[in-house]
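The values are calculated or read from the model by the stated rules, or taken from the named source; none is laboratory data. Note that the coordinates shown come from a computational prediction; the quantities given were computed from them, not determined experimentally. A quick note on method: Cβ atoms are made from the backbone with ideal geometry, for glycine too, and the neighbour counts reach across all protein chains shown. These area figures cover heavy atoms from the full protein model, side chains too; ligands, DNA and RNA do not enter into them. Shrake-Rupley method; radii C 1.70, N 1.55, O 1.52, S 1.80 Å.
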Amino acid sequence: VVEWSGVANWDNSIVPDLAAMADVIHQHGAKVFCQLTHMGRRGTSTNSSRALLAPSAVAEPAHRERPKAMERHEITEIVSCFAAAAERVKRSGYDGVEITSYGGHLIEQFWSPHINHRSDEYGGSLANRLRFSIEVIEAVRERVGPDFCVGFRMTGDQLLKGGLGHEEMKEIATRLAELRQLDYFNISGSTGETAELQAKTVPSLDNPLGVFNRYAASIREVVDVPVLVAARIVEPAMAEAALRRGDADLIGMTRALIADPDMPNKALAGEPEEIRLCTGANEGCIGRLFQGLTVRCVQNPVIGHEDELDELTPSPVRRRIVVAGGGPAGLEAARVATIRGHDVVLFERSSRLGGQVVTAALAPGRAEYGRAATWLSRQVVKLGVDIRFETEATLEAVLAERPEAVIIATGATPRRPDFPIDDTVRVVTCDDILRREVTIQRGDRCLVIDDDAHMRGPGAAESLLDAGATVEIVSREQTIGLDIDPTLKPALYRRLFEKGATLTPLTEVTAIGNGAVQLEHVYAGTRREVAVDLVVLALGGTAEDGLYHALRSAAPELPVYRAGDCVAPRYLYDAMHEATRIGRQV
Ligand SMILES: Cc1cc2nc3c(=O)[nH]c(=O)nc-3n(C[C@H](O)[C@H](O)[C@H](O)COP(=O)(O)O)c2cc1C
Ligand code: SF4
C-alpha cells in the first residue's frame, strides 16, 4: 500500500494479492476493474524521500510539496510502467483497467497549462500537453491487447479559476476518443488543486444530488463509447432517472455502496425502501481516508470490520432485553438483538427516535445527515421492537420489565462550562439553537464557544447568521472546527465567511458576566471583553451514565451493557460500532 491507501502496482510482487482480490470478487458474481494512475505532484516524499515528479516544478497548493520537473527518460519510464501495471492487472484475472487522470493526477497535470510550463513536445499546445496521456493510453492498449476493457477517468470541468473548463475538457475527451483505444469514459468534476476543489471530488451533502451529471451528458455527445458518471447518485431510482435522461450509460455509486453493500440486491428484489441511504456527510468514509485513517461509515457499522461483524447469528437463547435510549446506538443494538431472536423493549424519553442525529441534521444544509437514523428507526418498527415513547428509563421502570439483559444507550448531556457565568447574559447550548428553541432578533450579538471542535458549534453559528445575528466563534484550538474533516471544512468556512462570521481561534473564555464575555488569548495571554446578547455553548457532552451505574449496584447479577455516548461521547460511527457489537454479544 502506498500514499492515499493506493495499491503499489510497480512490480510483480503485487500479482498474488491482486489475483486473490479478483478471485473473491468473481465468486460473488461481480466484475472487477483496477485503476491505474501516477499521482505526480499530488504524492508525498514523506516515506520515500524521493522528489515528487510533475510536468514542471509547480507545487499543488493543496499539499504544497514542490516537485521536480520530469526529465524525458522519466516520462518514458512512467509510460512503460503504466503498460506493465495494466498487464499485471490483466494477468491477475481482472476484467479491465481504468487509467485515471481525475483529481489532478499526473496526466491531468500535463494537460493543465498553469502546471505544465514545458517547452518541449510535452508542453505548449494542446496536442503537446495531451502527448503524455496519449502515450500512456497507447502503451496500455498495446500491452493488454484489443479484447481487454480499458476505460479512462477524467474531470468534466476543473472548476478552477484559470484552469481547464468544461469546453476544454470536452475537447480533450473528443481527442482521446478519436484514438479508438478506449472502451469507456468515467466523468466527474472538480480537481485536486485546492483544499476546496479536492473536497468537491467526493462531494459532500453541501452539493446537489447528481452534481456532475451535466458534464457526463455533455461529453457523451462527443464520444462514441459508453460514459459513466459518479457523484451524489445515492439511490437506484436516481441512477435509473439519470440513465433515462441520457446523462450517462453507466452509473458509479461509491458511497451509496459503502453505506449499503446490499443495495443492488435490494433494488433487484424490489425493496428500495430497505436500502440504507448514504448521508453524503463523508464523516466515516472519505473524511477519514483523507486523514490517513481507515474507511468506516456512520450509516453502517460493519464497514471496515467485515471480517468480524459481517454475519448475524441467531442467539442460542431467547432473552427479554430492555434497551434504554432511542438514539442511533440504542436503535442499532435493538435492531441486531431482535434479528438474533430476542424480545426487545425500547424506552425513549422523547416522542421520536434518532437522538442526537435528529438535532445534528437541523443545521443548515445537513438534513441528509438525518438518514443515519431514518433507516434504523424504520427497521426497529418493522421488526416489531416494543417501543415506549415518552417513557423515562428509570431504574424502577427498567426492572419492572423483568429483563434478562439491559443495554444502556442514554447518550450524553451538554457539558457545563468550567468558567463563572452570571445571569446578565443569555447562555444556551448549540442544540437549543439547532432546535430553534431560542428566539433570535436580527442584529443580536452572538458568541459561539467551540470547544467541541466538530460540526455543532459552526452549525449553530450558521443558523444564527441565517437568522440575521452577528456571530463570533471562539475556540481554544488552532482553528474553528479543528476536527472537521478536510472534505467538509472548506465549504463550511466559505459559507461562514460569506455570511459574515468572525472566526477567532486560540482564544479561551474565562468568564461570562455583566453583559459581556471575557476572552484570553491561549498563548499571548492578552485579554479582551466582548459585549454580547447571547452566548452559545458547543462544549461537547458528558456521558449520561446514571442509569448504568444504578443498575449495576441495584442488580449486580443482571447483565448490563452500554453503548455510545453514555460510555464516553465520541463520533457517531463509534456509537454504532459499539452498539452493533453489543447487539451481537447479548
Ligand atoms: C472511500 C473512498 C475512496 C475513493 N477512492 C477513489 C479512488 O481510488 N479513485 C477514484 O477515482 N475515486 C475514488 N473515490 C471517489 C469516487 O470514485 C467517486 O467519484 C466519489 O465518491 C463520488 O461518488 P459517490 O457520490 O457515488 O460516492 C473514492 C471515494 C470514496 C468515498
Ligand atoms: S460515512 Fe457517510 S458519506 Fe460515507 S458512505 Fe457512510 S453514510 Fe455515506
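Overview of results
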read-out	value
Residue tally, condition more than 15 Å from Glu178 (Cβ to Cβ) and open to solvent by 30 Å² or more (accessible area, probe 1.4 Å), over the range 218-227	2
Condition broken by Ile321, with the remaining ones in (1) more than 16 Å from ligand 2 (Cβ to nearest atom); (2) open to solvent by 60 Å² or more (accessible area, probe 1.4 Å) satisfied	(2)
Of residues in the range 342-353 being part of a loop (DSSP other than H, G, I, E, B) and more than 22 Å from Tyr573 (Cα to Cα), the one least open to solvent (accessible area, probe 1.4 Å)	His342
Some residue of the range 332-341 being small (Gly, Ala, Ser), in a helix (DSSP H, G or I) and at pLDDT below 95	no
Strands (runs of 3 or more DSSP E) fully within the range 491-552 counting 3 or more residues that are under 17 Å from Asp452 (Cβ atoms)	507-513, 534-538, 541-543
Selection from the range 299-331 of residues that are in contact with a His (Cβ under 8 Å, 6 or more places away or on another chain) and in a loop (DSSP other than H, G, I, E, B)	Pro301, His305, Ser315, Arg318, Arg319
Condition broken by Pro420, with the remaining ones in (1) under 30 Å from Ala467 (Cβ atoms); (2) crowded, with 16+ Cβ neighbours inside 10 Å satisfied	(2)
Criterion (touching a strand residue (DSSP E or B) at 6+ places or on another chain (Cβ under 6 Å), buried (at least 18 other Cβ atoms within 10 Å of the Cβ) and either over 17 Å from Gln35 (Cβ atoms) or modelled with pLDDT of 95 or more (or both)) met by exactly one of Phe148, Phe132, Phe185	Phe185
Every residue from the range 510-526 that is touching a Pro at 6+ places or on another chain (Cβ under 9 Å) and open to solvent by less than 20 Å² (accessible area, probe 1.4 Å)	Ile512, Gly513
Selected residue (criterion: farthest from ligand 2 (Cβ to nearest atom)) from residues of the range 266-291 that are of a type in the set (Asp, Glu) and open to solvent by 50 Å² or more (accessible area, probe 1.4 Å)	Glu271
First in the range 27-44 and not assigned by TED's automatic domain parsing to the domain that holds Ala62, second anywhere and surrounded by 23 or more Cβ atoms within 10 Å (Cβ to Cβ) and in a loop (DSSP other than H, G, I, E, B), Cβ under 8 Å, 6 or more apart	none
Members of the range 56-75 found to be small (Gly, Ala, Ser) and assigned to a loop (DSSP other than H, G, I, E, B), listed by number	Ser56, Ala57, Ala59, Ala62
In the range 161-196, the residues that are part of a loop (DSSP other than H, G, I, E, B) and of a type in the set (Val, Ile, Thr)	Thr191, Thr194
Single unsatisfied condition, Asp574 versus (1) open to solvent by 30 Å² or more (accessible area, probe 1.4 Å); (2) more than 20 Å from Arg415 (Cβ to Cβ)	(2)
Pairs with Cβ under 8 Å, 6+ apart, first in the range 460-485 and not assigned by TED's automatic domain parsing to the domain that holds Leu362, second among the aromatic types (Phe, Trp, Tyr) and at pLDDT below 95	Asp485/Phe290
Among (1) in a loop (DSSP other than H, G, I, E, B); (2) under 22 Å from Gly365 (Cβ atoms) - the single one Gly287 does not satisfy	(1)
Which listed residue, of Ala367, Ala361, Ala412, is under 30 Å from Val532 (Cβ atoms) and in contact with a Cys (Cβ under 8 Å, 6 or more places away or on another chain)	Ala412
Single residue of Val202, Val223 found to be in the same structural domain as Thr174 (by TED's automatic domain parsing) and within 16 Å of ligand 2 (Cβ to nearest atom)	Val202
Strands (runs of 3 or more DSSP E) (entirely within the range 363-447) containing at least 2 residues that are under 30 Å from Leu519 (Cα atoms) and touching a Ser or Thr at 6+ places or on another chain (Cβ under 7 Å)	412-414
Condition check for Gln356: closer than 30 Å to Ala538 by Cα, surrounded by fewer than 24 Cβ atoms within 10 Å (Cβ to Cβ) and either within 16 Å of ligand 2 (Cβ to nearest atom) or not hydrophobic (A, V, I, L, M, F, W, C) (or both)	yes
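Residues are listed down the side, and each one gets a yes or a no for (1) of a type in the set (Val, Ile, Thr); (2) in contact (Cβ under 8 Å) with a residue 60 or more places away in the chain; (3) crowded, with 21+ Cβ neighbours inside 10 Å:
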| residue | (1), (2), (3) |
| --- | --- |
| Glu60 | no, yes, yes |
| His63 | no, no, no |
| Met70 | no, no, yes |
| Ile78 | yes, no, no |
| Glu87 | no, no, no |
| His105 | no, yes, yes |
